[in-house]
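Colleague: What follows is a single structure, and I will ask about it in a moment.
The values are calculated or read from the model by the stated rules, or taken from the named source; none is laboratory data. On a predicted model such as this, the values are computed, not experimentally measured, just so you know. No Cβ is skipped: glycine too gets one built from the backbone with ideal geometry, and neighbour counts run over all protein chains shown.
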Amino acid sequence: MCLLKVYEKKTMKRLLMVLLLAPTAAFAQASPDSPAAPTAHVAEPGEAGSAKIGGIVIENAWVRGTPPGAPVAGGYLTIRNTGSAPDRLIGGTATFAGAVEVHEMTMANGVMQMAPLPEGLPIAPGETVSLAPGGDHLMFMDLTAPAEPGTTVVVTLDFAEAGPVEMAMPVSPLGAQSFDGHSGDAGAGHGEGASH
Ligand SMILES: [Cu+2]
């Protein structure tokens, strides 16, 4: 009897501790002021298409406009590494896409093909890397909404060393002039015409 009571007391005490601690921990996690909250930089309206994190400077970023129902969209930008260490663009997230990949273009049997870069896109110290139509590009996959011309989309890019950086990317018109244009092949592969 006596032993059982002691055991019960101990259990009660432990339960109380859990009850007291649990809400505090949950609240701390949910609080927007928590230091653990994401610290991605939110682009101001005036600086759409550019961003900076650590030694990484992004400029001239844009997304090619897509018609409703397009499965993918292409993204293009210039990345400068002003730091002293190598870095890599490894991917990202976007509000209008299920996934963001970094693709490279390669020539195989006379046909241009694209594939995700498994190690990401390296940017050496002091180097400037351009992702442009017809070459390496960001690929927004599984679009949940079209990239509507004239709007901006919110994109977070992940760098292996510098970390994530959030930015607004302006959306170009459909068939923007800087588009390299393999046309007339809608529905094939990545959905050409909508993205590249
Ligand atoms: Cu692609």
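Colleague: Out of VAL155, VAL171, VAL111, VAL165, which single residue is touching a residue at least 12 places away in the same chain (Cβ under 8 Å), within 16 Å of the ligand (Cβ to nearest atom) and of a type outside the set (S, T, N, Q)? Lay out the reasoning, then the answer.
Modeller: Details: VAL171 fails: within 16 Å of the ligand (Cβ to nearest atom); VAL111 fails: touching a residue at least 12 places away in the same chain (Cβ under 8 Å); VAL165 fails: within 16 Å of the ligand (Cβ to nearest atom).
Criteria check complete, one pass: VAL155.
Conditions tested, residue by residue: (1) within 16 Å of the ligand (Cβ to nearest atom); (2) of a type outside the set (Gly, Ala, Ser); (3) under 15 Å from THR152 (Cα atoms); (4) touching a helix residue (DSSP H, G or I) at 6+ places or on another chain (Cβ under 9 Å).
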residue	(1), (2), (3), (4)
GLU47	no, yes, yes, no
ILE53	no, yes, no, no
VAL57	no, yes, no, no
ASN60	no, yes, yes, no
VAL63	yes, yes, yes, no
ILE79	no, yes, no, no
THR82	no, yes, no, no
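Colleague: Inspect all residues belonging to region 105-115 and state whether any of them is among the β-branched types (Val, Ile, Thr) and within 20 Å of VAL72 (Cβ to Cβ).
Modeller: Quick first cut of region 105-115, residues among the β-branched types (Val, Ile, Thr) only: 106, 111.
Of the ones still in play, those that are also within 20 Å of VAL72 (Cβ to Cβ) are 106, 111.
Yes, there is a match, as at least one residue in region 105-115 is among the β-branched types (Val, Ile, Thr) and within 20 Å of VAL72 (Cβ to Cβ).
Colleague: Do you know which residues across region 73-98 are farther than 13 Å from PHE140 by Cβ, surrounded by fewer than 24 Cβ atoms within 10 Å (Cβ to Cβ) and within 10 Å of the chain's Cα centre (by Cα)?
Modeller: Within region 73-98, just ILE90 meets the criteria.
Colleague: Here is a further query. Has region 13-21 got at least one residue that is over 24 Å from PRO133 (Cα atoms), at pLDDT 85 or above and not basic (Lys, Arg)? Can you show your working first?
Modeller: Of region 13-21, the ones over 24 Å from PRO133 (Cα atoms) are 13-21.
Pick out the ones that are also at pLDDT 85 or above and you get none.
No, region 13-21 contains no residue that is over 24 Å from PRO133 (Cα atoms), at pLDDT 85 or above and not basic (Lys, Arg).
Colleague: Considering only residues that are within 30 Å of SER84 (Cβ to Cβ), within 14 Å of the ligand (Cβ to nearest atom) and not in a strand (DSSP E or B), which ones fall in region 119-146?
Modeller: Listed by number, the residues that qualify are ALA132, GLY135, ASP136.
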